[in-house]
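Read through the structure below, which is laid out as structure tokens, and then see the notes.
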Amino acid sequence: MIMVGALLVLAQTATLVAESDEPGIVSEDSAAMESGSEPNRNADGTEIDTVLPPRSPARSGFHSDRVSISLLAGAPISAPSGSFISHEKGYDNYLLYQIQTGQITTDLLGQQARYYNPVYESGALFIWDLEAAMTDHFGAGVSMLFSSISTRRQDVLPWRDSSDQYIMNYPDERVLYSEGALLGFLSYHPLTANRFDPYIKLRAGITFAHGYSHQYNIPDPYIFEADLNNGRGAIYGASLGINVYLNQYSALTLEFSSIGRSISADQFSNRTLNNDYLSVGVTLGFQGDGS
């Protein structure tokens with residue numbers, strides 16, 4: 001009986017070996033070896049039981065699977081312009097005219113009133129972009145933008161001297177305009193999956209502004225508070241830039257941006273403001289299908 005059992009075991013073993021050698025039946029390890037690739041394994045070396053294909057390698061540059069975040073800081077390369085600035089300069093010019101014609105004769109300390117040339121300077125620009133590719137060349141996203149304009153200029157005080165004339169103050173440094181804006185944008189990238197990634201972005205959105213602005217070009221005896229109240233409006237512009245990828249996930253970014261605004265507030269119905277900036281920063285990219 002022992003001999004018969006041993007013969008049966010040997011017969012079953014021989015049958016299994018013969019079936020595994022039949023054409024068309026290939027084990028998973030044999031298939032992996034014939035395909036030239038190692039089977040997927042866990043960190044401890046054990047094989048992963050999966051039928052999913054291996055992940056595709058991450059690609060640098062812009063392509064249809066890319067999602068990226070950009071952080072940029074910019075410096076102004078032009079003086080601020082638009083009707084918002086020209087209106088304030090018109091106010092300054094009228095103060096000069098009043099001093100020259102003797103309508104304002106004294107300053108805060110009782111001395112002869114003098115006129116100091118005003119200064120208008122754009123501050124730094126900060127942009128945060130979130131972009132998702134729609135195709136290998138076109139993308140879309142959202143932006144947050146922050147900017148400001150400072151000034152050093154004179155104004156009249158809400159008092160009169162012994163001659164019943166306004167008193168001129170000394171130059172005062174203030175933030176004329178500051179904003180926080182939310183924009184959407186469309187982008188075009190002429191090169192696909194390239195280390196050098198030039199692009200164009202068209203931006204538009206809304207902005208909320210603070211600061212101060214005069215309602216009229218001449219001093220109003222009943223209005224001496226020039227704070228900008230309920231400042232808001234449309235913001236728009238275009239950016240031309242390039243990403244230079246250091247690896248599949250990160251790039252250095254250089255960008256030129258021209259930004260315009262159409263602003264309204266309690267003091268006025270509509271004034272424009274324009275600035276140009278050159279920005280530098282970093283871009284972090286993520287591939288949607290495998291990295």
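The values are calculated or read from the model by the stated rules, or taken from the named source; none is laboratory data. Predicted, not measured: the structure shown is a model, and the values here were computed from it. Reconstructed Cβ throughout: ideal geometry from the backbone, glycine too, with neighbour counts over all protein chains shown.
Remarks
- Taken together, the residues in the range 120-159 that are assigned to a loop (DSSP other than H, G, I, E, B) and either in contact with a Lys or Arg (Cβ under 8 Å, 6 or more places away or on another chain) or more than 26 Å from GLU173 (Cβ to Cβ) (or both) amount to 4.
- SER163 being small (Gly, Ala, Ser), out of contact with any Cys (no Cβ under 6 Å at 6 or more places or on another chain) and not in a strand (DSSP E or B): yes
- Tally of residues being in contact with a strand residue (DSSP E or B) (Cβ under 7 Å, 6 or more places away or on another chain) and free of Cβ contacts under 8 Å to residues at least 60 places away in the same chain across the range 158-171: 4
- So THR135, is it buried (at least 16 other Cβ atoms within 10 Å of the Cβ) and out of contact with any Phe, Trp or Tyr (no Cβ under 9 Å at 6 or more places or on another chain): no
- Residue list for the range 179-197, restricted to those being touching a residue at least 60 places away in the same chain (Cβ under 8 Å) and touching a Leu at 6+ places or on another chain (Cβ under 7 Å): ASP197
- Single residue of the range 133-145 satisfying the filter (among the aliphatic types (A, V, I, L, M) and out of contact with any Gly (no Cβ under 6 Å at 6 or more places or on another chain)) that is nearest to TYR277 (Cα to Cα): LEU145
- Answer residue from the range 135-161, given it is at pLDDT 95 or above and hydrophobic (A, V, I, L, M, F, W, C) and is farthest from THR253 (Cα to Cα) among those: ILE149
- Counting only strands (runs of 3 or more DSSP E) that sit completely within the range 183-279, those holding 1 or more residues that are of a type in the set (Ser, Thr, Tyr) and surrounded by fewer than 19 Cβ atoms within 10 Å (Cβ to Cβ) correspond to 231-245, 250-264.
- Checking the range 249-258 against the condition returns a match, with at least one residue being over 22 Å from PHE62 (Cα atoms) and either touching a residue at least 60 places away in the same chain (Cβ under 8 Å) or under 14 Å from the mean Cα position of the chain (by Cα) (or both).
- Of the criteria (1) surrounded by 15 or more Cβ atoms within 10 Å (Cβ to Cβ); (2) of a type in the set (Gly, Ala, Ser); (3) under 39 Å from the mean Cα position of the chain (by Cα), which one ALA113 fails: (3)
- Some residue of the range 208-219 being among the hydroxyl-bearing types (Ser, Thr, Tyr), within 23 Å of ALA73 (Cα to Cα) and in contact with a strand residue (DSSP E or B) (Cβ under 6 Å, 6 or more places away or on another chain): no
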